[in-house]
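One structure below.
Just so it is clear, none of the values below were taken in a lab; they were calculated from the coordinates. Fair warning: this is a prediction, and the values are worked out from it, not measured in the lab. Cβ atoms come from the backbone with ideal geometry, glycine included; neighbour counts cover every protein chain shown.
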Amino acid sequence: MKRHPILYIGVVFFLSVTSVFAADDSSTPASKKIRSPNVFYVKPQLQHDSFGEMKVLAVLTSDVPAERILKFHNLMNTAKAVEQWGGRMNAKFILYANGVPWLQKPNAEEKELIDGLRVKGVQFLVCDNTLLSKDIDYHSLYGVTEKDIVPSGFAEVAYLQQFKQYVVGPGM
């Protein structure tokens, strides 16, 4: 028996398309379609007090671009949620080890994300130990000033958690 690849592809396509339309359950009034025809968005029905002031830390010690972008987006999404629910985010992005050198040459997207976070009040703090050990002049770092330098990035994280009630969230 000879198989026909074109026929097989056509059947697979037909089944996938019909399954997408079969999954279309527009009977849910609180939902609406997003991005994909078979994915629905439901607005959160949060029932608690205002978020108040959120003290959040993001820590970057890696030179992996995907990790940076994830942390940027996590902070932006947190800021939006906190504002939406009547709160204020007080966030610090602490960079040490391999997290510092990339600030010398962030790409256009990263500059936009950094600037967007700064507008939201996120403070970028840079480890002096790293600057010294990697022979980096802080002037070469995008948007970093003297007031952004901390003696030790690791110690700053511990201090802010232990004494100032900051939290390092998952993915931060």
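Here are a few things to note about the model shown:
- Computed from the C-beta positions of Gln84 and Phe163 and an R0 of 35 Å, the FRET efficiency is 0.75 to the nearest 0.05.
- Ordering of 44-52, 72-80, 116-124 by burial proxy (mean other Cβ atoms within 10 Å per residue, highest first): 72-80, 116-124, 44-52
- Sorted fewest first by neighbouring Cβ atoms within 10 angstrom, Leu132, Leu70 come out as Leu132, Leu70.
- Leu125 long-range amide H proximity, modeled H, under 5 Å: Phe93, Ile94, Leu95
- Val64, Val42 arranged by Cβ crowding within 10 Å, fewest neighbours leading: Val42, Val64
- Diagonalising the gyration tensor over the Cα atoms of segment 92-168 and scaling each eigenvalue by 5 before taking the square root yields semi-axes of 20, 17, 9 Å, largest first.
- Under the Karplus curve 6.51 cos²θ - 1.76 cosθ + 1.60, θ = phi - 60°, whole-Hz ³J(HN,Hα) for segment 146-156, x wherever Gly or Pro sits: 4, 5, 8, 8, 10, x, 8, x, 4, 5, 5
- Remark: segment 160-172, residue by residue, has Karplus-estimated 3J(HN,Hα) of 5, 6, 6, 10, 10, 6, 7, 10, 8, x, x, x, 10 Hz, where x stands for each Gly or Pro and the curve is 6.51 cos²θ - 1.76 cosθ + 1.60 at θ = phi - 60°.
- Cut-off under 5 Å, modelled amide H: who pairs with Gly87 long-range: Phe51, Gly52
- Sorted fewest first by neighbouring Cβ atoms within 10 angstrom, Leu60, Leu95 come out as Leu60, Leu95.
- Violating pairs (Cα-Cα greater than 20 angstrom) within the set Lys43/Lys92; Lys105/Lys164; Lys71/Lys120; Lys120/Lys147; Lys111/Lys164; Lys80/Lys164: Lys43/Lys92; Lys105/Lys164; Lys111/Lys164; Lys80/Lys164
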